[in-house]
Amino acid sequence: MVAMPAWHLRDYRDDDLDQAIQIWEQSRQADEIPVFPVAEVMAAAQNGQTAVVAVIGNELVGMAVAHAHGTRAWVLLVALASRWRERGIGSALLAELERRLQALGVRRISALLPAHGTGTKALQHSGYLSREDLTYYEKIEPRRTADTDVLTALGGRLLPDGLWDAMAGMEQEKQVVERRIVLPLAEPTLADRYGVAPPKAVILFGPPGTGKTSFAKAVASRLDWPFVELFPSRLAADTSEGLAAALRQAFADLAELDSVLLFIDEVEEIAGVRSGQAVDPGHGVTNELLKLIPGFREHDARLLICATNSVRSLDAAFLRPGRFDYVIPIGPPDPTARAAIWARYLGAAADTVDITQLVRASELFTPADIEFAARKGAQAAFEREVTHRQGGSASTDDYMTAIADTRPTLTAQALEEFTEDIQKYIRL
């Protein structure tokens, strides 16, 4: 009989965030709607509310979080790693949570979980009673019709849930974006209590294809805010008054929304280094954008994300801290991230393909390159099956051939310049 590895309980730490989110994701059933969103739970854990984790070695396998107010506390989360359930860890987490809450003077502890959700058995085993005489009520304010009209006019939309979870790999970048951007915006009252100013404008920079647009969309999805992307070339084409006037009108329209994530890709096109010459056609556009950003920052529930492949080409006035809170690098995926990205795009083939070999062969590939090569390899296998009907599947060789036929976006020079830009421009 194989002995179960020893686990122990300890306080939640800030560097547990990534593993904690993974456990929260493992604890959810596919169609489960959580009562407390992950951003709210993690913000509570990071800001002094009672939070306990179970660990085995360096692996976090369970977590429990409660929010206390006076003599009353609510259990916000009981989460367990999928392969460590039914081992008594959930009950132990609850017992430790109770001990700490009682020390704070809490006398009544309540929990509200989805039916049959992770943690329900631990609650039953720990003496919690399920009350059938209660009905849960919730009201989510509908978006105003005016918001819908403005979004339609600007080409904006509400993005589907789950975009954040769908971003395979890139864990280091996800951690920075989660902590610096998502949590303060998702928990503004809590952030204000601790003197944390939610960001209003950030710049994402890095080589093409590394996922800057995907990050912007994922943040909008996490916050449940409308996503509006401004295309300078389209704005210029839609008006006879020039790009500066079109920008001014777009920002005025955005002010009518209750909340919005505004995204401008390849922002260097309208905020590049100015020549200093009055005849420079881009001079007025850059000036106009510089004047619009402070007004945009004055509103709550607003976030401007600008993305660029060449941060060094942006005007110095555009980069200063008064306009942008953070300048965040989004770099190429490391081997661990590439493995996760390959696994995502391989689908069922991931169980039979040598992903390690694919990771080594795709060293300079961006996430977009990997997606393209995965599609190309699958297409080759599909066409072979259509022709020969041998009942096979896509193989490692199919994907290796696709990698060889794919020109990587990154170059050694681009990586060297990106490293230099990180040292010079990063602001976290």
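Coordinate-derived values only; no laboratory data. Quantities reported herein were computed from a predicted structural model and do not represent experimental measurements. Neighbour counts run over all protein chains shown; Cβ positions are idealised from the backbone, glycine included.
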Grab the Cα-Cα distance for Arg407 and Asp15, subtract it from 0.36 nm times how many residues apart they are, and report the gain in nm with one decimal. 137.4 nm
Between 0 and 90°, nearest 10: helix 145-154 axis offset from the chain longest Cα axis: 40 degrees
How large is ³J(HN,Hα) for each residue in the stretch 303-319, as worked out from phi by the Karplus curve 6.51 cos²θ - 1.76 cosθ + 1.60 (θ = phi - 60°), to whole Hz, x for Gly and Pro? 9, 9, 10, 10, 10, 8, 7, 9, 5, 5, 8, 7, 5, 4, 5, 5, 8
In terms of the alpha carbon gyration tensor, root eigenvalues a ≥ b ≥ c, rounded if a/c is under 1.5 and otherwise prolate when a/b exceeds b/c or oblate, the stretch 8-125 is rounded
I need to check one value: relative contact order of the stretch 31-127, counting alpha carbon pairs closer than 8 Å and at least 6 residues apart, in percent. 28 percent
Within a Cβ distance under 14 Å of Phe215, other residues only, what is the Lys/Arg minus Asp/Glu net charge? 0
So which aspartates and glutamates pass the test for Lys424, namely a Cα distance under 15 Å, with those fewer than 8 places away in the same chain ruled out? Asp315, Glu416
Can you put Lys121, Lys212 in order, fewest other beta carbons within 10 Å first? Lys121, Lys212
Once you have the Cα-Cα distance between Arg87 and Asn287, take 0.36 nm times their residue separation minus that, and quote the gain in nm to one decimal. 65.8 nm
Dipole size in debye (nearest 20) for the chain around its Cα centre, Lys and Arg Cβ +1, Asp and Glu Cβ -1? 1040 debye
Relative to the chain, whose Cα atoms define the longest principal axis, helix 243-254 and its Cα axis are tilted in degrees, nearest 10, by 20 degrees
Average silhouette area of the stretch 335-404, convex hull of alpha-carbon atoms, in square nanometres: 4.2 nm²
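For each of Ile305, Ile181, count neighbouring Cβ atoms within 10 Å of the residue's Cβ, then give the residues from fewest to most. Present the calculation step by step, with values, prior to reporting the outcome.
Numbers: Ile305 29, Ile181 23.
Ascending number of Cβ neighbours within 10 Å: Ile181, Ile305.
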Could you go through the stretch 410-421 in sequence order and give the Karplus-derived ³J(HN,Hα) for each residue, using 6.51 cos²θ - 1.76 cosθ + 1.60 with θ = phi - 60°, rounded to whole Hz, and x for Gly and Pro? 7, 10, 4, 5, 4, 5, 5, 5, 5, 4, 5, 5
Relative counts (whole %) of C-alpha pair distances in the chain, using bins that are 10 Å wide: 4, 18, 24, 24, 19, 9, 2, 0, 0
Amide H of Leu76 versus every other amide H placed in the peptide plane: which residues, excluding those fewer than 5 positions away on the same chain, fall under 5 Å? Val65, Ala66, His67
Toward the positive end of the charge dipole of the chain, about the Cα centre and with charges on Cβ (Lys, Arg +1; Asp, Glu -1), which of Thr213, Pro333, Val55 goes farthest? Val55
Amide H neighbours of Gly272 under 5 Å, at least 5 residues apart or on other chains, H built in the peptide plane: list them. Asp315
Using DSSP, restrict attention to beta bridges with both residues in the stretch 52-156 and report what percent are antiparallel, rounded to the nearest 5. 75 percent
Spelling out what I want: for every residue of the stretch 77-93, take phi, set θ = phi - 60°, compute 6.51 cos²θ - 1.76 cosθ + 1.60 (Karplus), and round to whole Hz; glycine and proline get x. 7, 10, 10, 9, 4, 4, 8, 10, 8, 6, 10, x, 5, x, 5, 5, 4
Let me spell out the model: positive unit charges on the Cβ of Lys and Arg, negative unit charges on the Cβ of Asp and Glu, origin at the Cα centre of the stretch 335-404. What dipole size does that give, in debye rounded to 20? 80 debye
